[in-house]
Amino acid sequence: MQIYAIADLHLSLTSEKPMDVFGEAWRGHAEKLERNWREQVREDDLVLIPGDISWAMQLTSALPDLSFIGNLPGQKILLKGNHDYWWSAIGRVRSNLPAGMRALQNDSIVEDDIGICGSRGWLCPGSNNFNTDDEKIYQRELDRLTLSLHSLPEVKTKIAMLHFPPFLDKERGSGFSERLEQAGVNIVVYGHLHGEANRYAFEGERNGVIYHCVAADKLDFMPKHIYG
C-alpha cells in the first residue's frame with residue numbers, strides 16, 4: 001500500500017463556481033485531477049484529503065463531488081477544511097460517503113500499522129489580524145487535535161492531517177507543532193495555501209516530524225506520494 005495526499009480539491013461539479021478566477025492553473029482542474037489521479041493511484045493505495053473538498057453549502061449538494069472522488073482509485077480519508085460548509089454532523093457525513101471513503105473527526109484510523117489522525121487547525125498566533133475570536137478557535141482546534149492524537153493506538157508510523165499550516169514558519173512553532181512532536185507523529189500533511197503563498201510553505205523535517213504541503217494547485221493536481 002502506497003499513501004498519497006492532496007488537499008483543496010475545491011470541487012463544484014453541479015454548481016457555478018469557476019475556479020479559474022483564481023488563476024490559469026485552475027482551468028479545468030477537475031479533469032486534470034482525475035487524469036493525474038488515475039495515472040498515479042492504484043486501487044489498494046490510500047489517499048489523504050485534508051480539507052476544502054467541495055464548495056457545496058449542503059451535504060446533499062456535495063454528494064456529486066463526493067461521488068466523483070469515490071469513483072477514483074484507492075481508499076480515501078477525508079478531513080474538514082474551512083470551506084467545507086456541507087460537512088454537518090459527523091454521523092450524517094459518514095452515512096452518506098461512497099464506499100471506500102472515511103471521514104476523520106476527533107478520532108483516528110489505523111491501516112497496516114499506520115495511524116492516521118488530524119484536525120482542521122486554524123490560524124496560528126502571530127498571523128496577520130489574529131484576534132480574540134481566532135484565539136478561541138485556535139484553542140478549540142488544539143483540543144480537537146489532542147483528542148485525535150490520544151485516540152491513536154501504538155502503531156509503527158503516525159501520520160497527521162491538518163488543513164491549515166501547523167505553524168507560521170520553520171523558526172516559530174505553535175501549539176499544533178508542539179503536540180504533534182510530543183505525540184511522536186512522523187509525517188504531517190496540510191493544505192490551505194494557494195498561489196504565491198505556496199512558494200513559502202514549509203516542507204521537510206522539523207524536530208523529527210516531516211511536513212508536506214499538499215495543496216492541489218501546488219502539486220499541479222497530482223496526488224503526492226508521502227509514504228510506502
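The values are calculated or read from the model by the stated rules, or taken from the named source; none is laboratory data. In this text the structure is predicted, and so the values were computed from the model without any measurement. All Cβ positions, glycine included, derive from the backbone under ideal geometry; neighbour counts span all protein chains shown.
Observations, loosely collected:
- Filter pass, Glu205 being among the acidic types (Asp, Glu), exposed (fewer than 15 other Cβ atoms within 10 Å of the Cβ), in a helix (DSSP H, G or I) and out of contact with any helix residue (DSSP H, G or I) (no Cβ under 8 Å at 6 or more places or on another chain): no
- Residues of region 41-88 that are among the basic types (Lys, Arg) and within 14 Å of the chain's Cα centre (by Cα): Lys76, Lys80.
- In region 144-165, residue surrounded by the fewest Cβ atoms within 10 Å (Cβ to Cβ) [restricted to those that are among the charged types (D, E, K, R) and at pLDDT 95 or above]: Lys156
- Answer residue from region 46-82, given it is assigned to a helix (DSSP H, G or I) and aliphatic (A, V, I, L, M) and is nearest to Leu33 (Cα to Cα) among those: Ile69
- Test: residue in region 138-152 that is at positive phi and free of Cβ contacts under 8 Å to residues at least 24 places away in the same chain: no
- Hits in region 166-182 (condition: loosely packed, with under 14 Cβ neighbours inside 10 Å and either part of a helix (DSSP H, G or I) or at pLDDT 95 or above (or both)): Gln182
- Residue among Val189, Val185 that alone is in a strand (DSSP E or B) and either within 17 Å of Ile49 (Cβ to Cβ) or of a type in the set (Val, Ile, Thr) (or both): Val189
- If the condition is being at pLDDT below 95, out of contact with any helix residue (DSSP H, G or I) (no Cβ under 8 Å at 6 or more places or on another chain), surrounded by fewer than 14 Cβ atoms within 10 Å (Cβ to Cβ) and over 20 Å from Pro64 (Cβ atoms), then region 14-49 contributes Val21, Glu24.
- For region 148-155, the condition holds for at least one residue, the condition being that it is closer than 22 Å to His225 by Cβ and of a type outside the set (Lys, Arg).
- Qualifying residue in region 83-106 (condition: free of Cβ contacts under 8 Å to residues at least 60 places away in the same chain, among the hydrophobic types (A, V, I, L, M, F, W, C), assigned to a loop (DSSP other than H, G, I, E, B) and out of contact with any Gly (no Cβ under 9 Å at 6 or more places or on another chain)): yes
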